[in-house]
Amino acid sequence: MSVTRTGPGTSRTRPEHRTALVEELMERFPGVPREAVLKEDLLRGGVAFDDSALSDNENGEVKPKSYFIFSFDHGTLPELGEAALRRPPEEIVLTGGPYDLRRTVVSVRVNPGSPYRVAASDDGMLGLYLDGRRIADVGVPPMPDYYRHTLANGKSVMEVAPTIQWGYLIYLTVFRVCQYFGAKEECQYCDINHNWRQHKAAGRPYTGVKPVEEVLEALEIIDRYDTAKASTAYTLTGGAITSHIGGKDEAEFYGQYAQAIEERFPGRWIGKVVAQALPKADVQRFKDHGVQIYHPNFEVWDRRLFELYCPGKERYVGRDEWHRRILDSAEVFGPRNVIPNFVAGVEMAEPFGFTTVDEAIDSTTEGLRFFMSRGITPRFTTWCPEPTTPLGKANPQGAPLEYHIRLLQAYRATMDEYGLSSPPGYGLPGAGRAVFSVSSFMDSLPGADEAAPAAHDEAPAGG
Ligand code: SF4
């Protein structure tokens, strides 16, 4: 492999290799926005940061990466160099360049070996470089006012209630580990437990279980200083609870936060809960507390891969029961407000995954049809192959970019087939408007001037 330096970026791959792949896919799939092609490539493979593009953590003008649940990095903290000391921004926004990009918000996944690099030029302007060529202007999120205040006990708002998606979503990981533990239980693509360990080892504040009162206090601060009301939704989430925390089972544990938030701030934000696929009576409790959207994530559709990749979920609940409970929860929340996630790309992870893009797309589409034919709109996050996970270790390159591009195509086609529009609680769809940063499914859906009116809904419909 040759190493080139033709600008601020350093490529470890052959010159123009990745550029050729990206441009070939843009040409082959003209129905997928160019912005989405680049965003998927950045999400699956990560981006390197020049020291000139790093933040000054919580003391600077740029909102730093909060590590809100998983590491979403291609190296452990000690492997990230300066980026472990001066955090990169939470997200970047791309515009312009030779592809004339519309505004595209991308979650930051650090990979020092990526052919993509963010760096400042001599005039101090940040740019995104691919194979050494400048391909976009880069904007970074300003430090929000609410991050400049601390809780009474000194904890930062970023630690207790970080915001992502350009400030749209408050991400409340109230339980920062998972009770599925070890190789026989942890999902094979998930580094939640490792991420908790590495932050503790680095001496960073990283609360395992967030007290309800701390969450409320952080939300008070956000509510007070987010005068533009950019924050629109919150997500309550964390690891699976197979026994109890403080005497509470999973539904009681996560439900207590929803209840407290909705009592203190009724209707201020769209409340969402990510939890396991729970029995209907538990799901009803979430609804009764004021939660509006439920995410019982199905992770991967194929039966064999689910059993291999999600051994804890298979053992405690089982795939068929998981899917039955998703359908049951649609009777509680209404199908529009049940939005199960899957991890796009793990279908093609070696050694067990599909070996062709065709097979992987066929399988994923079967899952999309299963849910969408019942009015349930899944969504997906783009797999980041974190190196401390079994699948990430075996597949440092992630899934082929073509899989991700064809998935966007299949997703939109299946939505059209069943007359569905973008799910509620994700902001506006369309390239140039979307803020959902961990996949480009919202960027690749019809925009405001192309979509049916229902696609613009901010609040959940039905239920
Ligand atoms: S249930 Fe699986 S994906 Fe969720 S936190 Fe636990 S190990 Fe990770």
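The values are calculated or read from the model by the stated rules, or taken from the named source; none is laboratory data. None of the values given here were measured: they were computed from a predicted structure. Here Cβ is always computed from backbone atoms with ideal geometry, including for glycine, and neighbour counts include all displayed protein chains.
For this structure, a couple of remarks:
- Out of Gly182, Gly203, one residue alone is outside any helix (DSSP H, G or I), within 16 Å of the ligand (Cβ to nearest atom), on the phi > 0 side of the Ramachandran plot and surrounded by fewer than 19 Cβ atoms within 10 Å (Cβ to Cβ). It is Gly182.
- Looking only at residues of region 316-331 that are in contact with a strand residue (DSSP E or B) (Cβ under 8 Å, 6 or more places away or on another chain) and away from the ligand (no atom under 16 Å from the Cβ), we find that the one that is farthest from Tyr411 (Cα to Cα) is Ser329.
- Selected residue [buried (at least 22 other Cβ atoms within 10 Å of the Cβ), under 25 Å from the mean Cα position of the chain (by Cα) and either modelled with pLDDT under 95 or not polar (S, T, N, Q) (or both)] from Arg87, Arg18, Arg102: Arg87
- Residue under evaluation Lys210, criteria (1) surrounded by 20 or more Cβ atoms within 10 Å (Cβ to Cβ); (2) within 24 Å of Gln259 (Cβ to Cβ); (3) within 15 Å of the ligand (Cβ to nearest atom), criterion not met: (3)
- For region 90-99, filtering for residues that are of a type in the set (Val, Ile, Thr) and surrounded by 22 or more Cβ atoms within 10 Å (Cβ to Cβ) leaves 1.
- For region 269-286, a residue qualifies if it is of a type in the set (A, V, I, L, M, F, W, C) and more than 14 Å from Val332 (Cβ to Cβ), and the qualifying residues are Trp269, Ile270, Val274.
- Extreme residue, surrounded by the most Cβ atoms within 10 Å (Cβ to Cβ), among residues of region 31-57 that are outside any helix (DSSP H, G or I) and among the charged types (D, E, K, R): Asp50
- Filter pass, Arg117 being of a type outside the set (S, T, N, Q) and touching a residue at least 24 places away in the same chain (Cβ under 8 Å): yes
- Single unsatisfied condition, Gly398 versus (1) touching an Asp or Glu at 6+ places or on another chain (Cβ under 9 Å); (2) touching a residue at least 60 places away in the same chain (Cβ under 8 Å); (3) small (Gly, Ala, Ser): (1)
- Identity of the residue in region 335-367, under 15 Å from Thr381 (Cβ atoms) and touching a Ser or Thr at 6+ places or on another chain (Cβ under 7 Å), that ends up surrounded by the fewest Cβ atoms within 10 Å (Cβ to Cβ): Asn341
- Residue within region 386-403 that is within 23 Å of His74 (Cα to Cα) and touching a strand residue (DSSP E or B) at 6+ places or on another chain (Cβ under 6 Å) present: no
- The criterion of at least 2 residues that are of a type in the set (Lys, Arg) and closer than 26 Å to Leu21 by Cα is met by the following helices (runs of 4 or more DSSP H) wholly inside region 341-448: 401-417.
- Filter result for Asp223 (within 28 Å of Val105 (Cβ to Cβ) and within 16 Å of the ligand (Cβ to nearest atom)): no
- Selected residue [surrounded by fewer than 20 Cβ atoms within 10 Å (Cβ to Cβ) and in contact with a Lys or Arg (Cβ under 6 Å, 6 or more places away or on another chain)] from Gly60, Gly113: Gly113
- Picking from residues in region 287-315 that are of a type in the set (Phe, Trp, Tyr) and under 18 Å from Glu331 (Cβ atoms), the one that is farthest from the ligand (Cβ to nearest atom) is Tyr294.
- Taking (1) closer than 27 Å to Val317 by Cα; (2) touching a helix residue (DSSP H, G or I) at 6+ places or on another chain (Cβ under 8 Å); (3) not in a helix (DSSP H, G or I) in turn, Ser231 satisfies each apart from (1).
- Any chance Ser231 is within 14 Å of the ligand (Cβ to nearest atom) and of a type in the set (S, T, N, Q): no
- Taking the criterion of being part of a loop (DSSP other than H, G, I, E, B) and more than 16 Å from the ligand (Cβ to nearest atom), the residues of region 245-286 that qualify are Gly246, Gly247, Phe265, Pro266, Gly267, Arg268, Trp269, Pro279.
- Restricting the first member to region 167-191 and to residues that are farther than 15 Å from Leu236 by Cβ and in the same structural domain as Leu391 (by TED's automatic domain parsing), and the second to residues that are assigned to a strand (DSSP E or B) and more than 10 Å from the ligand (Cβ to nearest atom), the beta-carbon pairs closer than 9 Å and six or more apart or on different chains are Tyr168/Ala233; Val177/Val209; Gln179/Ile245.
- Any hit, region 163-178, residues being more than 19 Å from the chain's Cα centre (by Cα), within 16 Å of the ligand (Cβ to nearest atom) and not in a loop (DSSP other than H, G, I, E, B): no
- Any hit, region 59-66, residues being more than 16 Å from the ligand (Cβ to nearest atom), part of a helix (DSSP H, G or I), outside the structural domain of His199 (by TED's automatic domain parsing) and over 20 Å from Arg197 (Cα atoms): yes
- Contacts under 9 angstrom Cβ, first residue in region 262-287 being polar (S, T, N, Q), partner within 16 Å of the ligand (Cβ to nearest atom) and assigned to a helix (DSSP H, G or I), 6 or more apart: Gln276/Glu250; Gln276/Lys313; Gln276/Tyr316; Gln276/Trp322; Gln276/Arg325
- Any hit, region 87-110, residues being among the hydroxyl-bearing types (Ser, Thr, Tyr) and in a loop (DSSP other than H, G, I, E, B): yes
- Residue within region 346-365 that is under 24 Å from Arg28 (Cβ atoms) and within 14 Å of the ligand (Cβ to nearest atom) present: yes
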